[in-house]
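The values are calculated or read from the model by the stated rules, or taken from the named source; none is laboratory data. Just so it is clear, the model here is predicted, and its values are computed rather than measured. Every residue, glycine among them, receives a Cβ derived from its backbone with ideal geometry; neighbour counts consider all protein chains shown. Quick note on the areas: whole protein, heavy atoms, side chains included, nothing else; ligands and nucleic acids left out. Shrake-Rupley method; radii C 1.70, N 1.55, O 1.52, S 1.80 Å.
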Amino acid sequence: MNEGAAEVLAPDGLPVAPELIAEAAALAEEEATRRHAELAAEIEAANRAYYEADVPILTDAEWDQRFRRLVALETAWPALITPDSPTQRVGTKLGDTFDEVRHRRPMLSLSNAFSDDELRAFDARVRRGLGLPAAPEAAPNLAYVAELKIDGLAISLRYERGRFVQGATRGDGTTGEDVTANLRTIRSVPAKLTEPASLDARGEVYMPKTEFARINAEREEKGLPLYANPRNSGAGSLRQKDAAVTAARQLATWSYQLLEDDADRPGAPRSQSQALARLEALGFTVNPNRESGLDIEGVIAFTESWRDKRHDLPYETDGVVVKVDAFDQQERLGIVSRAPRWAIAYKFPPEQVESVVEDIVPYVGRTGTLTPVAHLTPTKVAGSTIARATLHNLDEVRRKDIRIGDHVILQKAGDVIPEVVRPITEKRTGKEREWDMPAACPVCGQPVVRDEGAVRHYCANPACPARVGQEYGHFAGAMDIDGLGWAVLSQLLERGMVKRRGDFFRLSVEDLESLDRYARRSAENLHAAIQKARKRELARIIAALGIPQVGWTTAIELAYWLAAEVPAGEGWLARAATHLRTVAAETPERFQDLAGVGPTVSAALAAWFGPGGPGEGVLEDLAEAGVEAELPEPRAEASTGPLAGKTVVVTGTIEGFSREEAEAAVRAAGGKPGGSVSKKTDYVVAGPGAGSKLAKAEELGIEILDADGFRALLQGS
Ligand code: IVH
C-alpha cells in the first residue's frame, strides 16, 4: 500500500488533476503569477460573498474548479504559495473572519535582488540618491545593516505605556487582521516591556523547523494536506479563530523594526542598528545573526557566509535584508510604490543538487490515479534529505525525459516540495531505462486505464485496496478521529477488522489492543477518540464520504437540503439514507435544487447514493453503528434583492447565461434557484430546449420568462 499520498490534494482532500498541474507547469512564470493572482482574488471574493453575505457568486463547481487550478499553479510554481493564498486558509474555520486593524503607518514590502550585481546596483542607486560618489570610491558616511530575512508572517505589535494592546497581520499593508489573542499565546511576544514606552514593533512570526516537521507528521497521519513550508504552517497556526490552537503550536518571533511614538525625543535611536539594540533592551527577541557598519562588499560577504550555514539554523531564512543604517539617510531616500528605496531583500538561489533516479514507482491514490514517483538516492538539499519526488504523470516523465538510472538535478523550489528539474544527459551510459505505466494496477492487478484525451492513468477497480485504504483514511481524517493514522488504518484493513465505514465505531478497546505496537493505554485513547467522532455535523459526515465531485461546499448545501427534507427525530440518519436513495432513483434532478449544483454534480450524487451505487448502504451502516448527525440550523431566507423569497426555475438554454450563471444571478438577486417546477415555483425562465418543465409551468399557470424578461426581473423591473 502507499505510504505517502503521491497525488496532489486540494485542501478539501480531493485530488487535483495531474493535467492541470502539467498545464500550469508549462506556463511562463509571469503568466503563472498573473493567473495565480487573478484566481486568488476571485476565490477570495467568492469566499467573502458566500460566508459573510451568504450570497454565492460562484457555483460550487465553479469554485472547486478555480480552487483546483490554484492548487495546480502552486504545485507547479511553489514560489506562488504565499501565506495569504486561499489554499493556506484551511486551518481557519469556514466563515471565520478577524476584525480589521488599520496600521498607523503602512507595512511596506521590499524589492528583491537575486545576485551580487543586483546588490551593487542597489548600492549605486543609494549613493546616487544621497549624492555620494559612485563606487568604487569610498563613502565613509554610508553604512548598511545586514539581517537575515526570516521566512515567516509579518506582524505589527502595538504597545501602549509598555503594555501589549494589539497585534495585527500585514494584510494588504494598510489594513491587517486583528490576531491579538493568538499573539498573546506566543512566549516571545512580551506582554509588558521593560519600560512604559508607546510604540509599534514589527517583525516576523515564524515556526521553528522541528515544530513544522511535527505538525506535518500529525497532518499526514490525519490524511490532511501538508503545509508546504514552515511559513505557511506558521501563518495557518496564527490565523486560527481559536487561540488555543495557536497556543498548542510553538511559534516564535523576531522583531526588526521599531516605530516609537516619540521618535524625536533626545536619545531615541537614530539608526536601524540602534533601533535593533533598543528592541532587544525593551524585551523583544532580535535575531543575533546581523551585522552593521558594512559597505556593499561587506554585505555580499555576509550573504555568502550564510548561503550554506542557513540550513543549520532552527528556522527558515530565504535571504538577507539589507538596510541603509542611518534614519536621516532613509528619510532622504524615501519610498517608491510601497517599497523603501533604502532597503532590499537579497534572495538565496534555490539550492540544486545532483541525485540518481533509482526507480520510478507508480502510487495509487484515492480516486485510483496512478502517479509516477521517482525514488532517488537519498540526497541532502536545502536542509533536508530527499528520497522521493513526484513526477506527476506519464506525460511529464516523457517531457522531461527522465529515465530509471539517470543522474538528475534536484531542487526544492518552494522549500518543501522537491522537484526533479532535468536529467544530466551527459552522464548517461546507455544503461538507463525508459519508464512506462504498468498495464495492471500494482496493488490489485486490475487493468490500468486512461480516458480518451486525459492525462491521468487510473485503476478503475473501486475495491482496490489502495483506493479503499485512502478512502477510509479520508473518512477518518474528515470525521476528525484523533490518532487514527495510516499505521493503525492499514492494520485494521489488512486484518479485515474494518470492512465498512461503520466498523470503525464497532471496534472495542480489546480489538485495538490486539494491533501491533498498541498498548492498553493507546488503545483506550483511540477508542475514546472514535466514540467522540460518533456525533458530527451532517456536512462533515457527507464530506467524509468522499463522493466524487462533492467537496465541502456541496456537502454543506446537501446538509441544509437534507435537514429541510427529512423531519428531525429518532433514527434521522437512517431515514435520510432512505430519502437520498429514493431521490437518487426517482427524481435525481432534484439534487439540482442545491445551490451551485448543476447536472454534473447532481449526476455524481445520484450515481453515488442510488441503487447499486458505491454509497448504497453506507449511511445506513453508519447509523446502525451509532453515528449521529448534528443537523444545521435552517438558513435564514435572503430578505433583500429583487427576487427575495422567490423561487426561480431555469430550463433550456438562456442566451447570455450558462446554467450556473443563471442560478448564481438568481441567488445574487436574493432568490432561490429551484430544480423542479411545482406550485411553489414563482417564475420559470425558459429558453430553447426547454421541455417538461416548461409544460408543467404552463399547466400550473406559472409566469414564464425568456432571457430578456429574466434580465428585467434581475434588475427589479
Ligand atoms: S524590513 C520597510 N527586515 O520580508 C521594511 N523585513 O519581502 C520592511 N522580512 O514584508 C521590512 N525578515 O515580512 C525586514 N529582517 C527583516 C525581515 C523582513 C523578513 C519580511 C517582511 C517583509 C518581507 C519583504
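Just a yes or no: is a residue in segment 103-126 within 16 Å of the ligand (Cβ to nearest atom), among the small types (Gly, Ala, Ser) and at pLDDT 95 or above?
No, the conditions are met nowhere in segment 103-126.
Condition check: in a loop (DSSP other than H, G, I, E, B), among the aliphatic types (A, V, I, L, M) and crowded, with 19+ Cβ neighbours inside 10 Å. Does residue 666 satisfy that?
Answer is no for this residue.
Can you tell me which residues in segment 247-266 are away from the ligand (no atom under 16 Å from the Cβ), touching a residue at least 24 places away in the same chain (Cβ under 8 Å) and within 22 Å of residue 236 (Cα to Cα)? Spell out how you get there, then give the answer.
First, the residues of segment 247-266 that are away from the ligand (no atom under 16 Å from the Cβ): 247-250, 261-262, 264-266.
Those left that are additionally touching a residue at least 24 places away in the same chain (Cβ under 8 Å): 247, 249-250, 261-262.
Listed by number, the residues that qualify are 247, 249, 250.
Scan segment 593-613 for residues that are buried (at least 23 other Cβ atoms within 10 Å of the Cβ) and either part of a helix (DSSP H, G or I) or of a type in the set (Asp, Glu) (or both) and report the count.
3
With the checklist (1) touching a Gly at 6+ places or on another chain (Cβ under 7 Å); (2) at pLDDT 95 or above; (3) in a strand (DSSP E or B) in hand, flag the one item residue 431 doesn't pass.
(3)
For the list (1) touching an Asp or Glu at 6+ places or on another chain (Cβ under 8 Å); (2) assigned to a loop (DSSP other than H, G, I, E, B); (3) within 16 Å of the ligand (Cβ to nearest atom); (4) modelled with pLDDT of 90 or more, I need the number of the one condition that residue 142 fails.
(3)
Can you tell me how many residues within segment 159-174 are more than 12 Å from the ligand (Cβ to nearest atom) and surrounded by 16 or more Cβ atoms within 10 Å (Cβ to Cβ)?
6
Please enumerate the residues belonging to segment 440-487 that are touching a helix residue (DSSP H, G or I) at 6+ places or on another chain (Cβ under 8 Å) and of a type in the set (D, E, K, R).
Selection gives 456, 480, 482.
Go through segment 191-209 and give me each residue that's of a type in the set (Ser, Thr, Tyr) and either within 16 Å of the ligand (Cβ to nearest atom) or open to solvent by less than 10 Å² (accessible area, probe 1.4 Å) (or both).
Scanning segment 191-209 gives a single hit, 206.
Could you say which residue among 156, 188 is within 16 Å of the ligand (Cβ to nearest atom), in a loop (DSSP other than H, G, I, E, B) and either buried (at least 22 other Cβ atoms within 10 Å of the Cβ) or at pLDDT 85 or above (or both)?
Matching residue, one of 156, 188: 188.
Residue-by-condition table, conditions (1) at pLDDT below 90; (2) over 27 Å from residue 18 (Cα atoms); (3) of a type in the set (Asp, Glu):
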residue: 457; (1), (2), (3): no, no, no
residue: 466; (1), (2), (3): yes, no, no
residue: 470; (1), (2), (3): yes, no, no
residue: 474; (1), (2), (3): yes, no, no
residue: 477; (1), (2), (3): yes, no, no
residue: 480; (1), (2), (3): yes, yes, yes
residue: 485; (1), (2), (3): yes, no, no
residue: 488; (1), (2), (3): yes, yes, no
residue: 494; (1), (2), (3): yes, yes, yes
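Within segment 305-315, restricting attention to residues that are in a loop (DSSP other than H, G, I, E, B) and within 18 Å of residue 116 (Cβ to Cβ), which residue is least open to solvent (accessible area, probe 1.4 Å)?
Of everything passing the filter in segment 305-315, 307 is least open to solvent (accessible area, probe 1.4 Å).
How many residues are in a helix (DSSP H, G or I) and more than 13 Å from the ligand (Cβ to nearest atom) when one looks only at segment 316-362?
The qualifying residues number 3.
Condition first: open to solvent by less than 80 Å² (accessible area, probe 1.4 Å), modelled with pLDDT of 85 or more and touching a Ser or Thr at 6+ places or on another chain (Cβ under 9 Å). Can you find one or more residues in segment 620-629 that meet it?
Looking through segment 620-629, at least one residue is open to solvent by less than 80 Å² (accessible area, probe 1.4 Å), modelled with pLDDT of 85 or more and touching a Ser or Thr at 6+ places or on another chain (Cβ under 9 Å).
Please determine whether any residue of segment 210-227 is modelled with pLDDT of 90 or more, more than 20 Å from residue 182 (Cα to Cα), surrounded by fewer than 20 Cβ atoms within 10 Å (Cβ to Cβ) and charged (D, E, K, R).
The answer is no; no qualifying residue exists.
For the condition open to solvent by 50 Å² or more (accessible area, probe 1.4 Å) and at pLDDT below 55, what is the one hit in 52, 31?
Among 52, 31, only 52 is open to solvent by 50 Å² or more (accessible area, probe 1.4 Å) and at pLDDT below 55.
For segment 450-516, which helices (runs of 4 or more DSSP H) that fit wholly inside it have 1 or more residues that are without any contact (Cβ under 8 Å) to a residue 24 or more places away in the chain and within 24 Å of residue 619 (Cβ to Cβ)?
Answer list for segment 450-516: 486-494, 509-513.
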